[in-house]
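Below is one structure, written out as structure tokens; the observations come after it.
Bear in mind that the values in this text are calculations on the coordinates, not laboratory data. What you see is a predicted model, and the numbers here were worked out from it, not measured in a lab.
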Amino acid sequence: MKVYYGFENNLEGFAFLDRDDDFIITDHCIADSHEAIPLLLIRPYKTSLLFEDYGFFSESGKCYLYLDMICAFSVKEGDQNQIDMFLIQAEEELIAVEKEDEAIYFFSEHNKPLILKWAASYQVMTEFILL
């Protein structure tokens, strides 16, 4: 996962790494009057129907999430049956899952208290990732 910056205007003469129509994506923030939108590049194993509210696939096929709108966590401990039940419960609010060494689950930032409540109910230890 890496943070990038999106700009809603097509900036003349500015080098960019990726784009989605007139939305350009770069790996650094422009210091002048343009307002940057922080984006998180992920490689999703799975996306949900909620994904389009929180991210997009660029013209090059890369997957970006709006960093200010999401939270991410991994499951650290718990009985496997309880973990499975927790993930079934959480699936209705899931945005995406990235899976490399361990699964990282992406949710709306406003659902963080709900995720913590569900984790406590199922006695599952989660670790939120600072993005």
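A few notes on this one:
- Taking the longest Cα principal axis of the chain as reference, the axis of helix 112-121 is set at about 20 degrees.
- Rounded to 10°, Cα long-axis angle of helix 80-90 versus longest principal axis of the chain: 50
- Alpha-carbon centroids, segment 105-120 and segment 19-84: separation in whole Å: 17
- Over the chain, relative contact order from alpha-carbon pairs under 8 Å, at least 6 apart, %: 24
- Couplings for segment 66-77, taken from phi via the Karplus curve 6.51 cos²θ - 1.76 cosθ + 1.60 with θ = phi - 60°, read 6, 4, 6, 9, 10, 9, 9, 8, 10, 8, 9, 8 Hz in order; Gly and Pro are left as x.
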